[in-house]
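Below is one structure, written out as structure tokens; comments come after it.
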Amino acid sequence: MRVLVVGSGGREHALAWAIAASPLVDALYCAPGNAGLAEEAECVAVRATDIAGLVGFCRREGIDFVVIGPEAPLVLGLVDALEAEGIPAFGPTAAAAALEGSKAYAKDLCTRAQIPTAVYRRFRDPAAAKAFIASHGAPIVVKADGLAAGKGVTVANDLATAYGAVDAALVEARFGDAGREIVVEDCLTGEEASFFALVDGTTALPLATAQDYKRVGDRDTGPNTGGMGGPSPSPHLTPALEGTVMERIILPAVATMAREGRPFKGVLYAGLMMTEAGPMLIEFNVRFGDPEAQVLMMRLMSDLLPALIAARDGVLKSVDLRWHTEHALCVVMAARGYPDEPEHGSEIRGLDAAAADPKVKIFHAGTRRDGERLIADGGRVLGVTALGQDLAAARDRAYAAVGRIDWPQGFCRRDIGAAR
Ligand code: AMP
Ligand code: GLY
């Protein structure tokens, strides 16, 4: 088969690495890719959101199957455009991707499907939103409805911060159309966990769980990021709780979307808060997490590609995936200044020594080659990922690999997987 992976992050590197190992693959491409992806796949210079460019590439190259990493092309309708041309693609249609593309749609779906989630209200009028916030009190959470590059959520500990978030979205239009409507909701407390399931429209197959460390600094300080690393499995999801998540969150969402004419296919990623009342949904995403995909792919024993094809074909019932019982842990190395203004252009050395351990894999995000030199070219740059017999062993191995990387302009959190 001729396969295309769309995207350029650590998630896509991990997916391409897993797909490249499939005996089904004759040729593997990635658009646009990065320096690490270039070792697994042939990188083509088409942006992940260039729908016409991607469809054209697939037609020219006779691509048999497309795997889409990030949410933006899904929300823009890449799967619809590919399938309309007869090119099979893994991921939801634009209509189903609204589960991530519109928080208001997702919250209303939770109401209809009786999925446990924070109590919420939707607003377009700033004065009405502020009046509600004043009567509710802090803490409270304000979210832009649409995709806002990870900046659309404000967890406000005081009223002034909440009002500021209302103004940013509804008055200053800082998120453009993505912020024309907001969701205001209760603040949940507990540990967070990421839960993933493959879905084929009607059937859902649980994958594995993970944890993501979202703040940039140790002990959860500093601004939110795309994710600074974390372990799989999640230390906060027991097998019994995984069953609860399937029954109360994943399966009702899948059934309701099918019933309402927006069947969901792809990866359903539930961001969870483990509250005293049980797991509650923070948000749905319609794709693998990043860095969560990196720890998931390290633990996957089975061939990923036929499972993705089965999800697209609506025959997921026939799939049984096996996972290493070992734990995996990813430490993200980011460029100094991330997430606000990462420095670009510094050289990274020592990756071969760091990846010499067969239980270590270094996934690339923002990297490019300049001749033989490896250059940092983004915010999150490397995902140093390791397996170990338990969480501590995986953590020690990942940090030992980090220690062998010679990149003074990079940094990472030092407490990924540490007891909290
Ligand atoms: P998002 O950008 O949608 O991934 O949300 C970012 C983060 O905001 C989540 O990972 C949570 O840490 C936090 N968050 C979102 N909604 C809530 C909520 N209702 N209560 C507490 N924290 C929340
Ligand atoms: N790691 C969080 C995300 O992928 O959204």
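The values are calculated or read from the model by the stated rules, or taken from the named source; none is laboratory data. Note that the structure is predicted; figures quoted are calculated from it, not measured. Here the Cβ positions follow ideal geometry from the backbone for every residue, glycine too, while neighbour counts run over all protein chains shown. Note: accessible area is taken over every heavy atom of the protein model, side chains too, but ligands, DNA and RNA are not part of it. Shrake-Rupley method; radii C 1.70, N 1.55, O 1.52, S 1.80 Å.
Numbers for the structure displayed
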{"item": "Residue within segment 299-311 that is out of contact with any Ser or Thr (no Cβ under 9 Å at 6 or more places or on another chain) and either among the acidic types (D, E) or within 16 Å of ligand 1 (Cβ to nearest atom) (or both) present", "result": "no"}
{"item": "Restricting segment 1-52 to residues that are free of Cβ contacts under 8 Å to residues at least 24 places away in the same chain and part of a strand (DSSP E or B), the residue that is surrounded by the fewest Cβ atoms within 10 Å (Cβ to Cβ)", "result": "E42"}
{"item": "Criterion: farther than 22 Å from L147 by Cβ and in contact with a Gly (Cβ under 9 Å, 6 or more places away or on another chain) - qualifying residue of G91, G56, G36, G69", "result": "G36"}
{"item": "Residue count for segment 339-353, restricted to those that are open to solvent by less than 40 Å² (accessible area, probe 1.4 Å) and either touching a Leu at 6+ places or on another chain (Cβ under 8 Å) or of a type in the set (A, V, I, L, M, F, W, C) (or both)", "result": "2"}
{"item": "Selection within segment 299-331 - crowded, with 24+ Cβ neighbours inside 10 Å and closer than 14 Å to Q211 by Cβ", "result": "A328, L329, C330, V331"}
{"item": "Checklist (1) within 16 Å of ligand 1 (Cβ to nearest atom); (2) open to solvent by 20 Å² or more (accessible area, probe 1.4 Å); (3) polar (S, T, N, Q) applied to T238, failing item", "result": "(1)"}
{"item": "Scope segment 247-276; condition within 13 Å of ligand 1 (Cβ to nearest atom), surrounded by fewer than 23 Cβ atoms within 10 Å (Cβ to Cβ) and more than 27 Å from V66 (Cα to Cα); matching residues", "result": "M273, M274, T275"}
{"item": "Matching option when the condition is aromatic (F, W, Y) and modelled with pLDDT under 95, among F195, F175", "result": "F175"}
{"item": "All positions within segment 133-158 that are surrounded by fewer than 16 Cβ atoms within 10 Å (Cβ to Cβ) and part of a helix (DSSP H, G or I)", "result": "A134, S135"}
{"item": "Residue in segment 53-104 that is surrounded by the fewest Cβ atoms within 10 Å (Cβ to Cβ), counting only those that are among the acidic types (D, E) and within 24 Å of the chain's Cα centre (by Cα)", "result": "E83"}
{"item": "Residue ID - farthest from ligand 2 (Cβ to nearest atom), chosen from residues in segment 177-235 that are among the aliphatic types (A, V, I, L, M) and within 13 Å of the chain's Cα centre (by Cα)", "result": "A197"}
{"item": "Evaluation of L170 against (1) within 13 Å of ligand 1 (Cβ to nearest atom); (2) out of contact with any Cys (no Cβ under 8 Å at 6 or more places or on another chain); (3) among the aliphatic types (A, V, I, L, M); (4) open to solvent by 10 Å² or more (accessible area, probe 1.4 Å) (one fails), failing number", "result": "(1)"}
